[in-house]
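The values are calculated or read from the model by the stated rules, or taken from the named source; none is laboratory data. What you see is a predicted model; the values in this text were computed from it and never measured. Virtual Cβ from ideal backbone geometry, glycine too; neighbours counted across all protein chains shown.
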Amino acid sequence: MRALKYAVAASLLVTAPMAAAQQLSIATGGTGGVYYPIGGGFAEMINDNIEGASATAEVTGASVENMGLIMRGDADLALALADTVYQAWSGTGDFEGRQIENTRALASVYPNAVQLVTLADSDVQSLSDLVGKRVSVGAPGSGTELNARALLEANGISYDDFRPQRLNFNETADAIRDGDIDAGFWSVGPPTSSILNLAATRDIRLIGFSDEEIENAREAEPVFAAYELRAGMYDGMDEAVAESAQSPVRIAVAMVK
């Protein structure tokens, strides 16, 4: 964290000479994930350690929206999934035709696991069981949706095969709890508050991904990697989930030159 503090400070000093007080906007995510508290920590770090700078963490739709905010100059710093940042910088994937070159990565912040959650008594046991179901793929403009779609399509499942719902983390947890959807994706650093809160009120199960499913995802998007969620991470999770997928460099901080 100390090294990260100096990296942030050095980058700000190089890119933005501060002759006068400078107000910085940090694009984060929804309150049910980890981007917002992490962004709040960045803001506090800047406010406490960089003279002449004042930073505020902003609630947003997360990765994809954040890159747009950076492009338009509506945010100075942003948290975003590494694959989203790469697509934006290279003008590929969801950013084809709208390349965003005015970004720089400052740091990798934490591992970001793709987590698929359902109720413990659900008949959803694997990715293939999502066919015909109501599934939250993440909020519009989020890296969760990019990850969910990439993982599903790499394994032969398209949005036409199930009923996709575009919900943020808190909405996804509420919809699973109330039986309005059958399962939901989170692409977030574990453990996260919205899943913790869901597990405190309902018995849940995390769906593991097979080695083949992860390898299929890796072939389509090299940023994916195997990752193990430890036993006990959430209430009722008695065994490790060894086949969840993540990128080894999930979170990048992007900034305007």
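Just for the range 172-187: of the residues that are in contact with a helix residue (DSSP H, G or I) (Cβ under 9 Å, 6 or more places away or on another chain) and in a helix (DSSP H, G or I), which one is surrounded by the most Cβ atoms within 10 Å (Cβ to Cβ)?
Taking the range 172-187 first, the residues in contact with a helix residue (DSSP H, G or I) (Cβ under 9 Å, 6 or more places away or on another chain) are 172-174, 176-177, 180-187.
Next cut, in a helix (DSSP H, G or I) only: 172-174, 176-177.
On the way: 172: 29, 173: 27, 174: 18, 176: 25, 177: 16.
So the residue we want is 172.
Per-residue answers, yes or no, for (1) touching an Asp or Glu at 6+ places or on another chain (Cβ under 6 Å); (2) at pLDDT below 85; (3) of a type in the set (A, V, I, L, M); (4) farther than 25 Å from residue 193 by Cα:
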{"residue": "6", "(1), (2), (3), (4)": "no, yes, no, yes"}
{"residue": "23", "(1), (2), (3), (4)": "no, no, no, yes"}
{"residue": "40", "(1), (2), (3), (4)": "no, no, no, no"}
{"residue": "51", "(1), (2), (3), (4)": "no, no, no, yes"}
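Residues in the range 84-111 that are of a type in the set (Gly, Ala, Ser) and outside any helix (DSSP H, G or I): 91, 97, 105, 107, 108.
Among the candidates 140, 190, single out the residue that is under 20 Å from residue 33 (Cβ atoms) and exposed (fewer than 15 other Cβ atoms within 10 Å of the Cβ).
Details: 190 fails: exposed (fewer than 15 other Cβ atoms within 10 Å of the Cβ).
That would be 140, the only listed residue that is under 20 Å from residue 33 (Cβ atoms) and exposed (fewer than 15 other Cβ atoms within 10 Å of the Cβ).
When the range 156-173 is filtered for residues that are more than 23 Å from residue 197 (Cα to Cα) and among the aromatic types (Phe, Trp, Tyr), the ones remaining, listed by number, are 159, 162. Scanning the range 46-80 for residues that are within 18 Å of residue 109 (Cβ to Cβ), assigned to a helix (DSSP H, G or I) and polar (S, T, N, Q) yields 49, 63, 66.
Out of the residues in the range 46-64 that are of a type in the set (Gly, Ala, Ser) and in contact (Cβ under 8 Å) with a residue 60 or more places away in the chain, which is farthest from residue 92 (Cα to Cα)?
So the first thing to find is which residues in the range 46-64 are of a type in the set (Gly, Ala, Ser), and the list is 52-55, 57, 61-63.
Imposing the further condition that a residue be in contact (Cβ under 8 Å) with a residue 60 or more places away in the chain reduces the set to 61-63.
Working: 61: 20, 62: 18, 63: 15 Å.
If we take residues in the range 46-64 being of a type in the set (Gly, Ala, Ser) and in contact (Cβ under 8 Å) with a residue 60 or more places away in the chain, then 61 is farthest from residue 92 (Cα to Cα).
One residue alone among 127, 106, 81 is assigned by TED's automatic domain parsing to the domain that holds residue 210 and in contact (Cβ under 8 Å) with a residue 12 or more places away in the chain, and that residue is 127.
Scanning for something farther than 23 Å from residue 46 by Cα, of a type in the set (Ser, Thr, Tyr) and buried (at least 19 other Cβ atoms within 10 Å of the Cβ), does the range 88-97 turn up at least one residue? Reasoning before the result, please.
Residues of the range 88-97 farther than 23 Å from residue 46 by Cα: 88-97.
Subsequent filtering for residues that are of a type in the set (Ser, Thr, Tyr) retains 90, 92.
Right, trim to buried (at least 19 other Cβ atoms within 10 Å of the Cβ) and you get none.
Taking every residue of the range 88-97 in turn, none turns out to be farther than 23 Å from residue 46 by Cα, of a type in the set (Ser, Thr, Tyr) and buried (at least 19 other Cβ atoms within 10 Å of the Cβ).
Touching a Pro at 6+ places or on another chain (Cβ under 9 Å) and closer than 25 Å to residue 79 by Cβ: is that true of residue 190 in this structure? Break it down into steps so the answer makes sense when it comes.
Working: touching a Pro at 6+ places or on another chain (Cβ under 9 Å): yes; closer than 25 Å to residue 79 by Cβ: yes.
Yes: the conditions hold for residue 190.
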